[in-house]
Amino acid sequence: MPEIPATSRRGLLFGTAAVSAGALLTACTSNEPKKTEQAGNNVPAADDKPGKAVTIGFAGPQADHGWLNAINENAKSRAKKYSEVTLEITEGSNDTAAQIGQVQTLINKKVDVLVILPADGKALTQVGLQAMKAGIPVINLDRIFASPQAYRCWIGGDNYGMGLNAGNYIGEQLKDKPNAKVIELAGLDNLELTKQRTQGFDDALKNYPNIKKVARQAADFTVESGQAKMAQLLQAQSQFDALWNHDDDQGVGALRAIAQAGRKDFLMVGGAGAKSAMDAIKADNSVLKATVLYPPTMAASAIDLARALGQAKGVAGMSELEIPASITLYSAVVTKDNVDQYLPTGFS
């Protein structure tokens, strides 16, 4: 604010095969008791083999941002992998009333499972409750509903962890520099996720007493705002050592402002995992040296969860009969050392 290579985060969550049953240990003598299998080995787990037909309703916000567009594309692509899955997808909307209407339409169609990324989690809580009361389990994607009764499972990113990992990366780069200064180009300040990212960043910097955050400016996740707000920061701060930018889309604008100002005297860390950011990191010819992931592949994982739920199966690699109640994805730091691993996940 990124479907995945062979070694994918989805693959880590949902293996391509169910957990195989362990072989019974045969006794050497007829009067020696047999050892039994662990109960977990008998759990039916979702795998790539076709199963019970499942209709999944998918309602997301308007794809007016690279990350949000990647959310939709990940969901569509993942659903196509399964011959027994039918995806009923709405036209995304940032209008709360419109999205509520779209979800109600999916409820009336009696889909088996709903996957909802609400434009506003609090505002759409009631329609989540409506679906659950109608017997349609809800996978709440990223922006969380106000009540846990409104969803069966939540899966999303770690905004606090995103800030924490960005701060720790910058801290390690500057730990030997006396009186180091950092600045922050945040996202929309009226969003809870922005506050969480800033809190994580500030908490990480507490581990580095030589580093002081000297400026913070909020933008609004667009290229234009990133350029304008970064230009203001550069004008106000004649010298600093590192910049953390919350979002790679607005980071495109920030990099333009930095290039126009001819500044090369600091390192920059981005956020979310756009392909353009990863390309720049790999080229290593700008101030951008890392980005902290907020992977839109969570939408593909949400489809996996919905399919497992619709087929009354668990998650491969786990012993439980049911899918988890919540899954928080990890905000990995992508640098030139590991960028090739993550590049296929980059979104446009």
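The figures follow:
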quantity	calculated
Whole-angstrom Cα spans of region 217-348 along principal axes, big to small	58, 29, 22
Nearest-20 debye value, the chain charge dipole, Cβ charges on Lys, Arg, Asp, Glu	200 debye
Most positive-pole-ward Cα, Y169, L193, S225, against dipole of region 148-232 from beta carbon charges	Y169
Farthest toward positive dipole pole in region 271-346 [+1 Lys/Arg, -1 Asp/Glu at C-beta], among I303, G317, L288	L288
Dimensions (Å) - region 103-144, Cα atoms, principal axes, largest first	23, 15, 15
Global form of region 202-294, assessed from the alpha-carbon gyration tensor, a/c cut-off 1.5	rounded
Of all accessible heavy-atom area on the chain, the percent that carbon and sulfur account for (1.4 Å)	50 percent
Span from the region 181-249 Cα centroid across to the region 272-332 one, whole angstrom	24 Å
Whole-Å distance, taken between Cα centres, linking region 47-86 and region 149-171	22 Å
Label-point separation, T96 to S286 (7 Å along Cα→Cβ), nm	3.6 nm
Structure-derived mean projected area of the Cα convex hull in nm²: which label, when the choices are [x] 18.2; [y] 30.8; [z] 21.2	[z]
Residues with amide H under 5 Å from that of Y151, placed H, sequence gap 5 or more	none
Cα centre as origin, Lys/Arg/Asp/Glu Cβ charges: region 49-188 dipole, Debye	480 debye
Fully extended contour minus Cα-Cα distance, from K52 to A325, at 0.36 nm per residue	96.1 nm
Accessible area of the chain divided out per residue, in Å², using a probe of 1.4 angstrom	45 Å²
T86 versus E224: modelled label distance in nm, points set 7 Å from Cα along the beta carbon direction	4.2 nm
Cross-link pairs beyond the 23 Å C-alpha cut-off, checked among K213/K264; K177/K229; K49/K275; K175/K229; K175/K336	K177/K229; K49/K275; K175/K229
Relative packing of 88-95, 156-163, which averages over residues the other C-beta atoms within 10 Å, highest first	156-163, 88-95
Label-point gap, in nm, between N179 and S147 - each point 7 angstrom along Cα→Cβ	5.6 nm
Segment K195-K264, extension gain: residue separation times 0.36 nm, minus the distance between their alpha carbons	22.0 nm
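The values are calculated or read from the model by the stated rules, or taken from the named source; none is laboratory data. What you see is a predicted model, and the numbers here were worked out from it, not measured in a lab. Using ideal geometry, Cβ is built from the backbone for each residue, glycine included, and neighbour counts are taken over all protein chains shown. Only protein heavy atoms, including side chains, enter the accessible area calculation; ligands, DNA and RNA are left aside. Shrake-Rupley method; radii C 1.70, N 1.55, O 1.52, S 1.80 Å.
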